[in-house]
Amino acid sequence: MVAQGITGRTRPTKVKKQAGAQKRKRDHVYVEQLDDAVAELDLKDGAYKDFTDLPLSGATKAGLKAAHFSMMTDIQAKAIPIALKGHDILGAAKTGSGKTLAFLIPVLENLHRLQHIGADAGLGALIISPTRELAIQIFDVLRKIGKHGHMFAAGLVIGGKSLEAEREALTRMNILVATPGRILQHLSQTAAFNVDDLKMLVLDEADRILDMGFQRDVDAILDYLPKERQTMLFSATQSSKVSDLARLSLHEPEYVSVHAEDKSATPKTLQQNYFVCPVEEKLDTLWSFIQASKKKKILCFFSSAKMVRFVYESFRHMQPGIPLLHIHGRQKQGARLDVTTKFGAAKASCLFATDVAARGLDFPAVDFVIQVDCPEDVDTYIHRVGRTARYHREGRGVLFLAPSEEEGMLRRFETKKVPIESINARQKKKQSIKSQLVHMCFKDPELKYLAQKAFVTYTKSLYVQKDKEIFNIKNYDLEAFAASLGLPGAPKIRFLKDDDDKKKKQQSRQELEVSESDEEEAEGKQPKTVRTKYDRMFERQNQNVLADHYKKLVQDGEAEGASDENDFTGDAPNAGKDDDDFLAVKRRIPAEGEDADAQGAENDDPTASKGKVIHLAGASQPLIIDSNRREKLLKSKKKLLNFMDKGKKLIYDDDGNAHEMYELEDEDDFRAKGLPEEQRQKFLDAERDAVAQVDVLDKAAAKAKRKEKARKRKERERGEVGVGSDEEGGAEVADAYEDALANFRADAMLSDDDDGDDDEQPQKHGKKWFQSDSEEESAPSKKRKKTKSIRHVEEPQTLEDMEALAAGLLS
Ligand SMILES: Nc1ncnc2c1ncn2[C@@H]1O[C@H](COP(=O)(O)OP(=O)(O)OP(=O)(O)O)[C@@H](O)[C@H]1O
């Protein structure tokens, strides 16, 4: 947790005490005056324009002045006076319109007027943000405007550090900025963390926090908080449902929606375009776009972390001439923070991101937001595109739409007042990177694996989209998409296969029903579906089972009144006649306590039956079918394997006789050889000697090879060796290979005392094009040193590095 006293001045103790008492008196008078002024606030629209027009504490005014905030934005002018008066607020305003200050100023001021200060006061305000990055940003703004005279202790609780370390500081905090998961963890586990006196709760990006993903956390958090409090919700897209508001116990909330009457839901300074692009052409288009915008600051959104990583790794390898960065939720916190800082400070850079960067983040001067994968809905689109054109600045958004997504998305944009126009790409400038990607995937299995993952996650993201009118997986050419990632074919996708299987099953069931009912009308008509031998077999058996079962029910019912037991365990005499099948019904289940084998003779006795017993080829035990569920089991080959014997590994002696791999020695023979511990020791000594002998030989061989090689090198140097024939060359290669092997072996066995020369060490690891994120973060510096020679593996560390790298690549 980052904790901070917002101010801290030191004076000698005695003077300090007196000054403190005087100050408290002054503050008291001052706070009363502020209270009066707040009570007098005019809530009419446009009553106040400047921060100095509001009854704010000197500390807040000083903070705003130092940060160069003077004129209020619309949402600030409207929301701050209402919030100062203590009302609950539902605030909605366009992206980049200054919502952060709209809730931070009331937080500081209201707690100040309540004199909710110091460790004893406990937590006064809790600000919840959906992402860590946004929480950090809010905390930064709070610090910026709060450090000029306020005495609050403020902290940031976003995880990534030990709970223990946060615990103690947490209990002294007056204001906390937190992510839902982490604060809930403290609420439930940190006993001394007292929130009983909480005065204010703020949910930034409220629509996200209240949606399904955070629902459980937020509900649990609310359970800990006092009901009597001021609650404020802010978002760029107001979509909170009534039920959400009930959960939050809002008290007569004021709806502050400053841009509701505007023609557009997005900033006026934002130019928005879409580009119709089949999925298989997306990467070509993106690459071409980046090539034409090397001096710009670009933020590209994708639907999954795997897509982000694949595009980042592959584009990086192709050296685009602009520093590339990537961010997604699977990175460690440190890496994410590093990326946001670098991108924030960069003049020209391209950041590939998932929606983790879609909300609230305030990167200065982003030129382009490219939405490469279509957002799930218009709200997500608005949040993403809102990373540019912030606070009256200009910016451009480009959305890639697959042809099948165009119509539906445009309709939704119209409803939500998003002005967006179509554009075309300049075909002349378009470059194809397909063959490069194919080549790279071929050369590097890791990249290929990433491409496969990217393909699967993208496909899955389409498949799970809620808006099926826009996203129908059948409308995408997945084979072509896979090829565009450099893959030789579309990877098999389990969920699609499962879906097909389900459909097939449903279809077969329906057809079965149809064929059953049709039978009476048109006998002999065969169903048209493609069926396997096993499908046919099981259906036939099932029909028999059902038919016989039914027959027996009727017989039993007629004969003795069908008992429950017979209903579910009875079997028919002819049920096991189908001997051609590999699953053949041989006997009925034995009665309790009876030997199954002994029942064989009673095979045909219907009254002895309790179920159906089948013998599987390869299984030592008979399988008892006494329920429908078990019967279904038989349809799964995988599950059937559970009933099969595992098999034994056999070895053959010189006479061709099979033996089990491990056979137990005769016990008497074993005992005759001595005590077990002595035998074990003897065995270990013998093995150790054998290894030592081989070791000596290996070392000698390695040394001889090295000598031989050194001799050849010297000969070459002296020019005594002429141009070798192919054969000689081949021999040298073989030598080198042997040499490497010898060294490798010696390496493995000798470890520390290896005296081989380093420059002849074989390279154990193949050339790596990239490292995974975890590797990047956890690799010790020693490792880094080793890979230093592979220039393109290294991440630029600072903006200067990135610019230098970009310049290098450009030249
Ligand atoms: N009164 C102001 N004067 C000048 N700049 C301001 C003012 N208020 C906010 N800003 C600046 O505007 C930018 C956007 O502000 P902020 O991040 O609060 O927007 P937001 O409405 O929360 O956006 P989003 O919906 O994307 O989260 C910031 O860079 C901030 O410093």
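The values are calculated or read from the model by the stated rules, or taken from the named source; none is laboratory data. Bear in mind that the values here come from a model prediction, so they are computed numbers and not experimental data. For neighbour counting, all protein chains shown are included, and Cβ atoms are generated from backbone atoms with ideal geometry for every residue, glycine included. Surface areas here come from the heavy atoms of the whole protein model, side chains and all, with no ligands, DNA or RNA. Shrake-Rupley method; radii C 1.70, N 1.55, O 1.52, S 1.80 Å.
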Report, please, the projected area of the range 393-460 averaged over directions, based on the convex hull of its C-alpha atoms, in nm².
7.7
The range 346-454: translational diffusion in µm²/s, Stokes-Einstein, Kirkwood Rh over Cα pairs, 37 °C, 0.692 mPa s:
201
Order these peptides, 269-275, 66-72, 282-288, by their mean beta-carbon neighbour count within 10 angstrom, highest first.
282-288, 269-275, 66-72
Multiply the residue gap between HIS28 and ASP140 by 0.36 nm, knock off their C-alpha separation, and tell me the result in nm, one decimal place.
37.5 nm
Could you sort 135-147, 408-420 so that the peptide with the highest average Cβ count within 10 Å comes first and the rest follow in order?
135-147, 408-420
Largest first and in whole Å, what are the equivalent-ellipsoid semi-axes of the range 256-381 based on the Cα gyration tensor, each being the root of 5 times an eigenvalue?
24, 18, 15
The correct pair for the range 22-107, radius of gyration to one decimal and Dmax as a whole number, both in Å and from Cα atoms, is 13.2, 45
Fraction of accessible area attributable to carbon and sulfur, the range 354-426 (%, probe 1.4 Å)
47
For the range 336-379, just list the percent of Cα-Cα distances falling in each 10 Å bin from zero outward, please.
23, 59, 18, 0
Quick one: ranking HIS439, HIS326 by accessible area, 1.4 Å probe, largest first, what do you get?
HIS439, HIS326
Under the rule of at least 5 residues apart or a separate chain, name every residue whose amide H is placed under 5 Å from the amide H of GLN272.
GLY397, GLU421
What accessible area per residue comes out for the range 306-418, rounded to a whole number of Å², with a 1.4 Å probe?
33
Could you go through the range 148-155 in sequence order and give the Karplus-derived ³J(HN,Hα) for each residue, using 6.51 cos²θ - 1.76 cosθ + 1.60 with θ = phi - 60°, rounded to whole Hz, and x for Gly and Pro?
10, x, 6, 10, 6, 9, 10, x
For the range 290-335, rounded, prolate or oblate, judged on the Cα gyration tensor with a ≥ b ≥ c (square roots of eigenvalues), a/c < 1.5 rounded, else prolate if a/b > b/c?
prolate
Once you put a point 7 Å from the Cα of LYS632 and another 7 Å from the Cα of LYS428, both along the Cβ direction, what distance in nm separates them?
6.4
Starting from the alpha-carbon convex hull of the range 105-244, give the projected area averaged over all orientations, in nm².
8.2
Calculated FRET value between ASN475 and GLN215, using beta carbons and R₀ = 35 Å, to 0.05
0.65
Label-point separation (nm) for ILE651 and ALA62, each offset 7 Å from Cα along Cα-to-Cβ?
8.5
State, to one decimal in nm, how far the label point of ALA47 lies from the label point of ASP689, with both points 7 Å from Cα in the Cβ direction.
10.1
For the range 186-338, with all protein chains present and a 1.4 Å probe, just round the carbon and sulfur fraction of the accessible area to a whole percent.
48
When the accessible area of the range 120-176 is computed with all protein chains present and a 1.4 Å probe, what percentage of it is carbon and sulfur?
49
